[in-house]
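Note sheet for the following structure.
The values are calculated or read from the model by the stated rules, or taken from the named source; none is laboratory data. All figures in this text were calculated on a predicted structure; none of them were measured in a lab. So basically every Cβ, Gly included, is an ideal-geometry build from the backbone, and we count neighbours across all protein chains shown. Side chains are part of the model used for accessible areas, which takes the heavy atoms of the whole protein and leaves out ligands, DNA and RNA. Shrake-Rupley method; radii C 1.70, N 1.55, O 1.52, S 1.80 Å.
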Amino acid sequence: MLGGQLRRMRESAGFSRADAGWQIRASESKVSRMELGRVGFKERDVSDLLELYGMGDEDERVRLMELARAANNPGWWSRYGDVLPAWFANYVGLELAATLIRTYEVMFVPGLLQTEEYARSVVQLGKSFLPEPEVDQRVALRVTRQQILTRPNPVKLWVVIDESVLYRPVGGRAVMRAQIEHLMEWSQRPNITLQVMPFTSVGYPGAGGSFSLLRFADSDLPDVVYIEHASSALYLDKIEEVDEYVAIMEGLTIAADPVSTAEGILKDALGRM
(Lines give C-alpha, C1' and ligand atoms only; values in the text may rest on other atoms or scores of the structure.)
Protein backbone atom coordinates (compact mmCIF):
# COMPACT_ATOMS: atom_id res chain seq x y z
CA MET A 1 0.00 0.00 0.00
CA LEU A 2 2.77 2.43 0.92
CA GLY A 3 4.82 1.51 -2.14
CA GLY A 4 1.85 2.06 -4.42
CA GLN A 5 1.13 5.47 -2.94
CA LEU A 6 4.76 6.53 -3.27
CA ARG A 7 4.73 5.45 -6.92
CA ARG A 8 1.57 7.46 -7.68
CA MET A 9 3.00 10.53 -5.93
CA ARG A 10 6.28 10.24 -7.85
CA GLU A 11 4.52 9.95 -11.19
CA SER A 12 2.14 12.81 -10.37
CA ALA A 13 5.11 15.04 -9.41
CA GLY A 14 6.88 14.14 -12.66
CA PHE A 15 9.97 12.50 -11.18
CA SER A 16 11.74 9.40 -12.48
CA ARG A 17 12.86 6.53 -10.28
CA ALA A 18 16.42 7.74 -10.81
CA ASP A 19 15.43 11.15 -9.42
CA ALA A 20 13.88 9.49 -6.39
CA GLY A 21 16.93 7.30 -5.91
CA TRP A 22 19.20 10.34 -5.91
CA GLN A 23 17.05 11.95 -3.22
CA ILE A 24 17.44 8.98 -0.84
CA ARG A 25 21.01 8.11 -1.80
CA ALA A 26 19.95 4.83 -3.39
CA SER A 27 19.72 3.16 -6.78
CA GLU A 28 16.83 3.29 -9.20
CA SER A 29 16.29 -0.44 -8.66
CA LYS A 30 15.84 0.08 -4.91
CA VAL A 31 13.15 2.68 -5.56
CA SER A 32 11.45 0.16 -7.85
CA ARG A 33 11.57 -2.50 -5.13
CA MET A 34 10.19 -0.01 -2.60
CA GLU A 35 7.28 0.85 -4.86
CA LEU A 36 6.55 -2.84 -5.34
CA GLY A 37 6.67 -3.48 -1.59
CA ARG A 38 9.57 -5.91 -1.95
CA VAL A 39 12.00 -4.20 0.41
CA GLY A 40 11.77 -2.63 3.85
CA PHE A 41 11.26 1.11 4.36
CA LYS A 42 13.57 3.45 6.23
CA GLU A 43 11.55 6.25 7.77
CA ARG A 44 14.20 8.77 6.68
CA ASP A 45 13.86 7.61 3.06
CA VAL A 46 10.08 7.90 3.11
CA SER A 47 10.30 11.37 4.70
CA ASP A 48 12.81 12.52 2.05
CA LEU A 49 10.63 11.20 -0.77
CA LEU A 50 7.56 12.97 0.61
CA GLU A 51 9.56 16.19 0.67
CA LEU A 52 10.72 15.63 -2.92
CA TYR A 53 7.17 14.95 -4.09
CA GLY A 54 5.88 18.10 -2.40
CA MET A 55 3.65 16.49 0.20
CA GLY A 56 1.99 19.48 1.87
CA ASP A 57 -0.86 17.76 3.70
CA GLU A 58 0.48 17.27 7.22
CA ASP A 59 -2.23 14.75 8.19
CA GLU A 60 -1.47 12.67 5.10
CA ARG A 61 2.25 12.88 5.83
CA VAL A 62 1.66 11.57 9.37
CA ARG A 63 -0.50 8.75 8.00
CA LEU A 64 2.13 7.69 5.48
CA MET A 65 4.89 7.80 8.08
CA GLU A 66 2.79 5.61 10.38
CA LEU A 67 2.29 3.24 7.46
CA ALA A 68 6.06 3.12 6.98
CA ARG A 69 6.57 2.21 10.64
CA ALA A 70 3.84 -0.43 10.46
CA ALA A 71 5.41 -1.95 7.33
CA ASN A 72 8.60 -2.60 9.25
CA ASN A 73 6.98 -4.18 12.30
CA PRO A 74 7.40 -7.95 12.49
CA GLY A 75 4.18 -9.96 12.13
CA TRP A 76 2.89 -12.34 14.81
CA TRP A 77 4.37 -15.21 12.81
CA SER A 78 7.91 -13.97 13.40
CA ARG A 79 7.98 -15.90 16.67
CA TYR A 80 7.81 -19.08 14.59
CA GLY A 81 10.96 -18.11 12.71
CA ASP A 82 12.72 -21.33 13.67
CA VAL A 83 10.25 -23.43 11.68
CA LEU A 84 8.96 -20.86 9.18
CA PRO A 85 10.92 -20.62 5.91
CA ALA A 86 11.17 -17.16 4.37
CA TRP A 87 9.30 -18.21 1.24
CA PHE A 88 6.27 -19.19 3.34
CA ALA A 89 6.47 -16.21 5.69
CA ASN A 90 5.60 -14.02 2.70
CA TYR A 91 2.42 -16.03 2.18
CA VAL A 92 1.33 -15.77 5.82
CA GLY A 93 1.61 -11.99 5.55
CA LEU A 94 -0.43 -11.93 2.35
CA GLU A 95 -2.98 -14.30 3.86
CA LEU A 96 -3.45 -11.94 6.80
CA ALA A 97 -4.04 -8.96 4.50
CA ALA A 98 -6.37 -10.75 2.07
CA THR A 99 -10.12 -10.23 1.97
CA LEU A 100 -10.80 -13.24 -0.28
CA ILE A 101 -8.85 -16.48 -0.61
CA ARG A 102 -9.80 -19.10 -3.18
CA THR A 103 -8.04 -22.45 -2.91
CA TYR A 104 -7.93 -25.65 -4.94
CA GLU A 105 -6.53 -28.67 -3.11
CA VAL A 106 -5.99 -32.17 -4.46
CA MET A 107 -4.09 -33.93 -1.66
CA PHE A 108 -5.06 -32.61 1.76
CA VAL A 109 -7.62 -30.48 3.54
CA PRO A 110 -6.39 -26.86 3.18
CA GLY A 111 -4.38 -25.65 6.17
CA LEU A 112 -6.98 -23.04 7.14
CA LEU A 113 -9.55 -25.79 7.67
CA GLN A 114 -7.41 -28.46 9.31
CA THR A 115 -8.02 -29.69 12.84
CA GLU A 116 -5.03 -29.70 15.15
CA GLU A 117 -4.78 -33.51 15.02
CA TYR A 118 -5.02 -33.59 11.22
CA ALA A 119 -2.41 -30.81 10.95
CA ARG A 120 -0.07 -32.75 13.21
CA SER A 121 -0.43 -35.84 11.02
CA VAL A 122 0.28 -33.82 7.86
CA VAL A 123 3.34 -32.17 9.42
CA GLN A 124 4.75 -35.55 10.39
CA LEU A 125 4.17 -37.22 7.01
CA GLY A 126 7.58 -38.33 5.79
CA LYS A 127 9.21 -36.38 8.63
CA SER A 128 9.10 -38.74 11.58
CA PHE A 129 12.59 -37.51 12.46
CA LEU A 130 11.31 -34.06 13.51
CA PRO A 131 11.67 -33.43 17.25
CA GLU A 132 8.36 -33.05 19.09
CA PRO A 133 8.89 -29.35 20.01
CA GLU A 134 9.35 -28.50 16.33
CA VAL A 135 6.23 -30.44 15.39
CA ASP A 136 4.31 -28.56 18.08
CA GLN A 137 5.52 -25.23 16.68
CA ARG A 138 4.56 -26.11 13.12
CA VAL A 139 1.10 -27.20 14.22
CA ALA A 140 0.64 -24.09 16.39
CA LEU A 141 1.56 -21.89 13.42
CA ARG A 142 -1.04 -23.58 11.22
CA VAL A 143 -3.77 -23.34 13.84
CA THR A 144 -2.97 -19.69 14.63
CA ARG A 145 -3.27 -18.80 10.94
CA GLN A 146 -6.92 -19.86 11.13
CA GLN A 147 -7.77 -16.81 13.23
CA ILE A 148 -8.33 -14.87 10.01
CA LEU A 149 -11.54 -16.89 9.61
CA THR A 150 -12.98 -15.85 12.97
CA ARG A 151 -11.73 -12.29 13.43
CA PRO A 152 -14.28 -9.41 13.48
CA ASN A 153 -13.81 -8.81 9.74
CA PRO A 154 -13.05 -12.37 8.61
CA VAL A 155 -11.50 -13.31 5.32
CA LYS A 156 -13.83 -14.96 2.82
CA LEU A 157 -12.59 -18.45 1.98
CA TRP A 158 -13.75 -20.43 -1.05
CA VAL A 159 -12.33 -23.94 -1.19
CA VAL A 160 -12.57 -26.63 -3.87
CA ILE A 161 -11.18 -29.98 -2.73
CA ASP A 162 -10.84 -33.20 -4.65
CA GLU A 163 -13.12 -35.93 -3.28
CA SER A 164 -10.08 -38.14 -2.68
CA VAL A 165 -9.06 -35.76 0.13
CA LEU A 166 -12.01 -37.05 2.16
CA TYR A 167 -10.90 -40.67 1.86
CA ARG A 168 -7.15 -40.31 2.26
CA PRO A 169 -6.54 -41.79 5.76
CA VAL A 170 -4.37 -39.00 7.15
CA GLY A 171 -3.75 -39.76 10.82
CA GLY A 172 -6.08 -42.74 10.85
CA ARG A 173 -9.83 -43.22 11.08
CA ALA A 174 -10.49 -41.21 14.23
CA VAL A 175 -8.52 -38.20 12.98
CA MET A 176 -10.31 -38.27 9.64
CA ARG A 177 -13.75 -38.54 11.22
CA ALA A 178 -13.01 -35.51 13.38
CA GLN A 179 -11.65 -33.64 10.35
CA ILE A 180 -14.73 -34.31 8.24
CA GLU A 181 -17.00 -33.26 11.11
CA HIS A 182 -14.91 -30.09 11.37
CA LEU A 183 -15.46 -29.40 7.65
CA MET A 184 -19.20 -29.93 8.08
CA GLU A 185 -19.30 -27.42 10.91
CA TRP A 186 -17.06 -24.75 9.40
CA SER A 187 -18.59 -24.91 5.94
CA GLN A 188 -21.78 -23.56 7.53
CA ARG A 189 -20.05 -20.28 8.38
CA PRO A 190 -21.18 -17.40 6.16
CA ASN A 191 -17.60 -16.53 5.13
CA ILE A 192 -16.63 -20.09 4.13
CA THR A 193 -17.70 -21.84 0.94
CA LEU A 194 -16.79 -25.48 0.29
CA GLN A 195 -17.13 -27.47 -2.91
CA VAL A 196 -16.05 -31.02 -3.68
CA MET A 197 -14.68 -32.16 -7.03
CA PRO A 198 -16.26 -35.63 -7.39
CA PHE A 199 -14.49 -38.74 -8.62
CA THR A 200 -16.85 -38.70 -11.60
CA SER A 201 -15.61 -35.31 -12.81
CA VAL A 202 -12.53 -34.86 -14.98
CA GLY A 203 -12.00 -31.49 -13.32
CA TYR A 204 -10.85 -28.59 -15.42
CA PRO A 205 -8.17 -28.57 -18.14
CA GLY A 206 -4.95 -26.90 -17.07
CA ALA A 207 -5.75 -26.95 -13.36
CA GLY A 208 -2.76 -29.13 -12.52
CA GLY A 209 -1.91 -29.20 -8.82
CA SER A 210 -3.02 -27.18 -5.82
CA PHE A 211 -2.92 -23.38 -5.78
CA SER A 212 -4.44 -20.39 -4.01
CA LEU A 213 -5.70 -17.03 -5.26
CA LEU A 214 -5.58 -14.07 -2.90
CA ARG A 215 -7.45 -10.79 -3.33
CA PHE A 216 -6.99 -7.64 -1.27
CA ALA A 217 -9.20 -4.70 -0.33
CA ASP A 218 -6.73 -2.07 -1.53
CA SER A 219 -6.91 -1.60 -5.28
CA ASP A 220 -3.17 -0.89 -5.36
CA LEU A 221 -2.46 -4.50 -4.41
CA PRO A 222 -2.79 -6.93 -7.32
CA ASP A 223 -4.27 -10.39 -6.91
CA VAL A 224 -1.62 -12.99 -6.13
CA VAL A 225 -1.44 -16.64 -7.16
CA TYR A 226 0.40 -18.84 -4.68
CA ILE A 227 1.76 -22.24 -5.73
CA GLU A 228 3.68 -24.21 -3.11
CA HIS A 229 6.49 -26.65 -3.83
CA ALA A 230 8.42 -28.98 -1.53
CA SER A 231 11.05 -26.43 -0.53
CA SER A 232 9.92 -23.20 -2.17
CA ALA A 233 6.90 -21.37 -3.51
CA LEU A 234 5.88 -19.45 -6.60
CA TYR A 235 4.14 -16.08 -6.36
CA LEU A 236 2.47 -14.78 -9.52
CA ASP A 237 1.06 -11.26 -9.78
CA LYS A 238 1.31 -10.36 -13.46
CA ILE A 239 -2.14 -9.61 -14.85
CA GLU A 240 -2.01 -12.23 -17.61
CA GLU A 241 -0.85 -14.95 -15.21
CA VAL A 242 -3.43 -14.10 -12.57
CA ASP A 243 -6.20 -13.93 -15.17
CA GLU A 244 -5.34 -17.43 -16.33
CA TYR A 245 -5.63 -18.83 -12.81
CA VAL A 246 -8.84 -16.89 -12.17
CA ALA A 247 -10.31 -18.59 -15.25
CA ILE A 248 -9.08 -21.97 -14.01
CA MET A 249 -10.61 -21.42 -10.57
CA GLU A 250 -13.92 -20.38 -12.07
CA GLY A 251 -13.84 -23.47 -14.27
CA LEU A 252 -13.18 -25.64 -11.22
CA THR A 253 -16.13 -24.18 -9.31
CA ILE A 254 -18.35 -25.01 -12.30
CA ALA A 255 -16.95 -28.54 -12.70
CA ALA A 256 -17.23 -29.32 -8.96
CA ASP A 257 -20.49 -30.36 -7.33
CA PRO A 258 -22.69 -27.41 -6.29
CA VAL A 259 -22.14 -25.85 -2.89
CA SER A 260 -25.53 -27.14 -1.73
CA THR A 261 -24.36 -30.76 -2.10
CA ALA A 262 -21.21 -30.42 0.03
CA GLU A 263 -22.91 -31.37 3.30
CA GLY A 264 -24.34 -34.55 1.79
CA ILE A 265 -20.95 -35.53 0.33
CA LEU A 266 -19.28 -34.97 3.70
CA LYS A 267 -21.95 -37.04 5.50
CA ASP A 268 -21.47 -39.84 2.99
CA ALA A 269 -17.70 -39.80 3.50
CA LEU A 270 -18.20 -39.77 7.28
CA GLY A 271 -20.50 -42.77 7.04
CA ARG A 272 -17.84 -44.75 5.23
CA MET A 273 -15.17 -44.12 7.89
Q: Exactly one condition in (1) among the charged types (D, E, K, R); (2) assigned to a helix (DSSP H, G or I); (3) open to solvent by 60 Å² or more (accessible area, probe 1.4 Å) is not met by R145; state its number.
A: (3)
Q: Just give me the residues in the stretch 12-69 being hydrophobic (A, V, I, L, M, F, W, C) and touching a Lys or Arg at 6+ places or on another chain (Cβ under 7 Å), in sequence order.
A: A20, V31, V39, L50, M55
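Rundown of residues vs (1) touching a residue at least 40 places away in the same chain (Cβ under 8 Å); (2) touching a helix residue (DSSP H, G or I) at 6+ places or on another chain (Cβ under 9 Å); (3) surrounded by 14 or more Cβ atoms within 10 Å (Cβ to Cβ), yes/no style:
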{"position": "G126", "(1), (2), (3)": "no, no, no"}
{"position": "D162", "(1), (2), (3)": "yes, no, yes"}
{"position": "E185", "(1), (2), (3)": "no, no, no"}
{"position": "I192", "(1), (2), (3)": "yes, yes, yes"}
(Q) Condition check: under 17 Å from Q114 (Cα atoms) and either surrounded by fewer than 20 Cβ atoms within 10 Å (Cβ to Cβ) or among the aliphatic types (A, V, I, L, M) (or both). Does L266 satisfy that? (A) yes
Q: Pick out the one residue from V109, V92 that is modelled with pLDDT of 95 or more and under 20 Å from H229 (Cα atoms).
A: V109
Q: Residues being under 22 Å from E163 (Cβ atoms) and open to solvent by 60 Å² or more (accessible area, probe 1.4 Å): count how many of those fall in the stretch 219-263.
A: 7
Q: Please note which helices (runs of 4 or more DSSP H) are completely contained in the stretch 6-109 and include at least 1 residues that are free of Cβ contacts under 8 Å to residues at least 40 places away in the same chain and acidic (D, E).
A: 17-23, 28-35, 43-52, 58-72
Q: Would you confirm whether any residue within the stretch 185-197 is out of contact with any Gly (no Cβ under 9 Å at 6 or more places or on another chain), part of a helix (DSSP H, G or I) and either within 28 Å of L94 (Cα to Cα) or not aromatic (F, W, Y) (or both)?
A: yes
Q | Pairs, first free of Cβ contacts under 8 Å to residues at least 12 places away in the same chain in the stretch 247-267, second surrounded by fewer than 12 Cβ atoms within 10 Å (Cβ to Cβ), C-beta under 9 Å, six or more apart | A | A247/G206
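Within the group G208, G203, which residue is closer than 25 Å to V92 by Cβ, in a loop (DSSP other than H, G, I, E, B) and either among the small types (G, A, S) or within 19 Å of the chain's Cα centre (by Cα) (or both)?
Numbers: G203 fails: closer than 25 Å to V92 by Cβ.
G208 is the lone residue from the list that is closer than 25 Å to V92 by Cβ, in a loop (DSSP other than H, G, I, E, B) and either among the small types (G, A, S) or within 19 Å of the chain's Cα centre (by Cα) (or both).
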Q.
So in the stretch 56-104, with the set limited to residues that are in contact with a helix residue (DSSP H, G or I) (Cβ under 8 Å, 6 or more places away or on another chain), open to solvent by less than 40 Å² (accessible area, probe 1.4 Å) and among the aromatic types (F, W, Y), which one is farthest from A207 (Cα to Cα)?
A. Y80
Q. Only one of (1) over 16 Å from F108 (Cα atoms); (2) open to solvent by 30 Å² or more (accessible area, probe 1.4 Å); (3) in contact (Cβ under 8 Å) with a residue 24 or more places away in the chain; (4) not aliphatic (A, V, I, L, M) fails for R177. Which number is that?
A. (1)
Q) Any idea which of (1) farther than 30 Å from L36 by Cβ; (2) open to solvent by 40 Å² or more (accessible area, probe 1.4 Å) is the one R151 doesn't satisfy? A) (1)
